[in-house]
1. Mind checking which pairs have a first residue in segment 362-390 that is farther than 12 Å from Asn58 by Cα and a second that is assigned to a strand (DSSP E or B) and of a type in the set (Asp, Glu), Cβ under 7 Å, 6 or more apart or different chains?
2. Quick one: Lys184 ticks every box in (1) outside any strand (DSSP E or B); (2) surrounded by fewer than 16 Cβ atoms within 10 Å (Cβ to Cβ); (3) modelled with pLDDT of 90 or more except a single one, so which number is it?
3. For segment 317-333, indicate whether the set of residues that are in contact (Cβ under 8 Å) with a residue 40 or more places away in the chain, surrounded by 19 or more Cβ atoms within 10 Å (Cβ to Cβ) and under 19 Å from Thr53 (Cβ atoms) is non-empty.
4. Does Gly235 satisfy being modelled with pLDDT of 95 or more, outside any loop (DSSP other than H, G, I, E, B) and crowded, with 19+ Cβ neighbours inside 10 Å?
5. Listed residues Asn139, Asn120; which is in contact with a Pro (Cβ under 8 Å, 6 or more places away or on another chain), outside any strand (DSSP E or B), touching a residue at least 12 places away in the same chain (Cβ under 8 Å) and not small (Gly, Ala, Ser)?
6. Determine which member of the set Gly84, Gly111, Gly92 is at pLDDT 95 or above and out of contact with any helix residue (DSSP H, G or I) (no Cβ under 8 Å at 6 or more places or on another chain).
7. Is it true that Phe77 is within 20 Å of Glu362 (Cβ to Cβ), in contact (Cβ under 8 Å) with a residue 12 or more places away in the chain, of a type in the set (Phe, Trp, Tyr) and assigned to a strand (DSSP E or B)?
8. Can you go through Ser342, Ser313 and tell me which one is modelled with pLDDT of 95 or more, closer than 23 Å to Leu249 by Cβ and either surrounded by 19 or more Cβ atoms within 10 Å (Cβ to Cβ) or within 21 Å of the chain's Cα centre (by Cα) (or both)?
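The values are calculated or read from the model by the stated rules, or taken from the named source; none is laboratory data. Small disclaimer: the values here were computed from a predicted structure and weren't measured. Here the Cβ is made from the backbone with ideal geometry for all residues, glycine too, and neighbour counts use every protein chain on show.
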Amino acid sequence: MPAERDNVNRSAFKKRIFEYRMRVAATAVFAIVAVLVVIFIIWRGYETRVYTTYTVVNAVERIDVEGTKVLGFGSQFITYSADGIHCTDSKGRDVWSFPYQMQSPTVKVSGEYAVCSDYNGQSIYIFNSEGVCGTIQTNSPVKSAQISETGVVAAVIDKGSVTPVNLYYYDGSQIAGFRTTMSKSGYPVAIGISSDSKLVGVSYLYLDSGKLTSKVAFYNFGEVGQNETDNLVSGYDYQDEIIPEIRFLSDRKAFALGSSKLMFYEGSERPVNIANILINEEVRAVYSGDNRVGLVFFNTTEEGKYRLDVYTSDGNLENSFYFDLDYSDIFFANDRVVIYNSTSALIYTASGRLKFSGEFEEPVSLVLPTSSAVSYILVTPENIETISLQ
């Protein structure tokens with residue numbers, strides 16, 4: 001009998017342990033489910049919320065100089081005119097200044113580098129976060145200049161019958177180049193350089209048997225291109241087409257915009273044409289960034305005055321946005337699409353959900369993204385404001 005009683009006690013004890021463990025497990029599961037429900041509710045509220053106002057987290061004064069243009073430069077911004085260029089950080093501190101004399105200066109920014117050139121001038125200036133780091137004197141008119149994220153400049157130089165495309169290191173020294181002529185390749189209309197500086201894309205315009213034709217050519221200045229004539233590794237002809245834009249989205253993705261086509265290319269060595277989108281409307285503006293390309297059209301439906309078609313770097317239509325705002329700029333950052341002018345802004349998620357629709361408290365010259373999707377920097381004529389959407 002004692003052995004049998006001991007057996008019963010052990011069975012009852014094991015049963016109580018099992019029941020206790022089950023209660024603990026059930027409590028844990030319930031707690032996890034409750035936490036997930038709360039997280040979902042918070043996430044759902046955040047996703048569906050449309051902000052209409054903002055709070056100014058920080059503001060510093062600045063003095064606007066009449067006649068200057070403003071351009072984002074990472075977390076800083078550049079102001080420039082015919083007399084010189086100036087860099088300011090988000091705290092309003094002067095970072096650097098550089099004087100020059102130009103008739104029609106153009107500034108291009110890529111990563112931590114900026115290039116300033118004068119159309120038909122003979123000087124090119126290269127800047128980084130510390131100021132001017134290189135100067136290029138060409139002795140012939142400069143038609144255009146682009147810069148990569150590694151500080152390499154690609155410039156189109158006009159020498160009459162010959163139009164060289166030269167590459168310069170950020171200290172101003174020439175590292176490569178190739179010569180183009182109307183009879184051989186046509187006239188270079190647009191130029192782009194990859195983020196790693198290895199690839200250069202050029203859009204040419206020429207006559208082929210009396211027909212207006214454009215060519216998109218890619219040049220490789222790495223090991224692969226060294227074995228090719230003039231480093232040319234791939235090219236595509238487009239009849240009855242003018243291609244005024246060619247840009248790189250990364251070190252292996254590029255696009256070109258023509259009068260009736262949007263073309264996408266891919267490849268880190270020999271770029272190939274991966275997608276062609278026919279365009280039967282007039283493109284008002286083109287924007288790129290965050291591995292996206294946006295084309296703005298006048299809209300013909302009641303959904304809005306404008307339509308913004310956004311494509312991924314693979315050439316797929318990601319979304320179309322309809323709006324009435326007479327925009328001054330559009331940019332892509334943090335999977336957001338930001339459309340704004342001096343008085344108002346619209347912010348959408350890349351999937352098409354409206355996140356902000358509101359007016360600025362004072363005229364805005366420039367909107368800069370931050371690392372947060374709900375925080376932005378506003379540059380006004382009198383202040384630099386860090387704001388948080390509310």
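1. Close Cβ pairs (under 7 Å, with a partner that is assigned to a strand (DSSP E or B) and of a type in the set (Asp, Glu)) amount to Glu382/Glu61.
2. Lys184 satisfies all of (1) outside any strand (DSSP E or B); (2) surrounded by fewer than 16 Cβ atoms within 10 Å (Cβ to Cβ); (3) modelled with pLDDT of 90 or more except (3).
3. Looking for residues that are in contact (Cβ under 8 Å) with a residue 40 or more places away in the chain, surrounded by 19 or more Cβ atoms within 10 Å (Cβ to Cβ) and under 19 Å from Thr53 (Cβ atoms), one finds none in segment 317-333, hence no.
4. Criteria not met by Gly235.
5. Of the residues listed, the single one that is in contact with a Pro (Cβ under 8 Å, 6 or more places away or on another chain), outside any strand (DSSP E or B), touching a residue at least 12 places away in the same chain (Cβ under 8 Å) and not small (Gly, Ala, Ser) is Asn120.
6. Just one listed residue meets the conditions, Gly84.
7. Yes.
8. Testing whether each residue is modelled with pLDDT of 95 or more, closer than 23 Å to Leu249 by Cβ and either surrounded by 19 or more Cβ atoms within 10 Å (Cβ to Cβ) or within 21 Å of the chain's Cα centre (by Cα) (or both) leaves just Ser313.
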